[in-house]
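Here's the structure, in structure tokens; my notes come after.
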Amino acid sequence: MNRIATLSRSEFTLLGRNRLLLFNAIVLPLIFPVGMLYLSRDGGLSDKSVSAGLEVFALFLLVFVVFYNLLSVYATRRDELVLKRLRTGECSDAEILAGPAVPSWVLTALLTVVIGIAVMVLGGSAPVNPVLVLVAVIGGAALFTALALITSAVTRNAEAAQITCMPILILATAGMSSIRNVVPDNVARILDFTPLAAVVDLLNLGWLGRTTGELADLGDSPGAAAGFVDTFGSAGQPLLVMLAWIVGSVLIANVHFRWEPRS
């Protein structure tokens, strides 16, 4: 744990010196969802408005703060031979990879608290099931960290990350409910198994007590939302989808992650 803390401190220092990266990591994930929530308030926030804001927040948070940031970091550290040098020391492989990820994980936690406060201040409800919200955020961060490790195997440097990130960006965007609600049902069922879809579905259940499908069909007189206990009954599929992506991504990363540049 001390070795991870040491590695993460250096990453925090580098992040603090890069104002553009710091802006992208802190401001972008908040400005769009908070703006959406602010503009959609009308004496309070409807469940649909809260869901839309949380979904956009999850997209920016996991794709840019976690995935893209770590993809650039891993590619850069490998290109600079930092990862190779660290492997000759006392740190384990897991510690070497976890160290650079800690700043993104900390920002994920802090930004989630900020967006949660913003939702409630602007008139939204408190989470129905905070446990599922935590699972969505923590599981999503773990999943997109693993995807960054996989993608870094085909990313030569930080500049190349702008191109190699595109498949994951497209895959994540496809999981948004705004996409799933307009495509044919058979396509939507496939998109339900994408990474961000699992996160969004758990966020909707955890915060609003409603499934993503229920929110899409919500009328002017919505019925009662599920309670704390009942939400666990509807969380089975997104939990399994998330777990499958995490396990599969970690296994693939374990095989294909490269510790030094190609010769």
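Read-outs: derived from the displayed coordinates by stated rules, not from any lab. Note that this is a predicted model, so its numbers are computed, not measured. Cβ sites come from the backbone with ideal geometry, for glycine too, and all protein chains shown count toward neighbours.
Charged side chains reduced to their Cβ positions (Lys and Arg at +1, Asp and Glu at -1) give the chain a dipole of some 980 debye around its Cα centre.
Over 31 Å apart: what share of the alpha carbon pairs of the range 2-256 falls there, rounded to a whole percent? Counting pairs separated by more than 31 Å, the tail of P(r) holds 25 percent. Counted by Cβ distance under 13 Å from ALA224, the other residues give a net charge of -2, where Lys and Arg count +1 and Asp and Glu count -1.
Across the options LEU28, SER178, ALA216, the greatest Cα extent toward the positive end of the charge dipole of the range 2-256 (unit charges at beta carbon of Lys, Arg, Asp, Glu) belongs to LEU28.
Using the scaling law 2.2 N^0.38 Å as the reference, what is the normalised Cα Rg of the range 117-165? Output field value: 1.74.
The listed peptides 108-117, 201-210, 7-16, 51-60, ordered by packing as a protection proxy, come out as 201-210, 51-60, 108-117, 7-16 (highest mean of other Cβ atoms within 10 Å first). The long axis of helix 69-79 is offset from the longest Cα principal axis of the chain by roughly 10 degrees.
If you plug the beta carbon distance of ALA244 and ILE179 into 1/(1 + (r/R0)^6) with R0 = 22 Å, you get a FRET efficiency near 0.60. With each label modelled as a point 7 angstrom along the Cα→C-beta vector, the PHE232-PHE23 pair spans 4.6 nm. You can think of it this way: the chain between ARG189 and VAL106 has 26.6 nm of extra reach, that is 0.36 nm per residue less the Cα-Cα gap.
With a Förster radius of 35 Å applied to the beta-carbon distance between VAL121 and SER10, the computed FRET efficiency rounds to 0.50. When peptides 26-37, 65-76 are sorted by average Cβ neighbour count within 10 Å, with the highest value leading, the order is 65-76, 26-37. In the chain, helices alone account for a calculated mean residue ellipticity at 222 nm of -22500 deg cm²/dmol, with every DSSP H run of four or more residues adding -39,500 (n - 2.57).
Quick one: go through the range 66-106 and flag any residue whose amide nitrogen is under 11 Å from the point 7 Å out along the Cα-to-Cβ line of ALA160. The answer is 75-76, 79.
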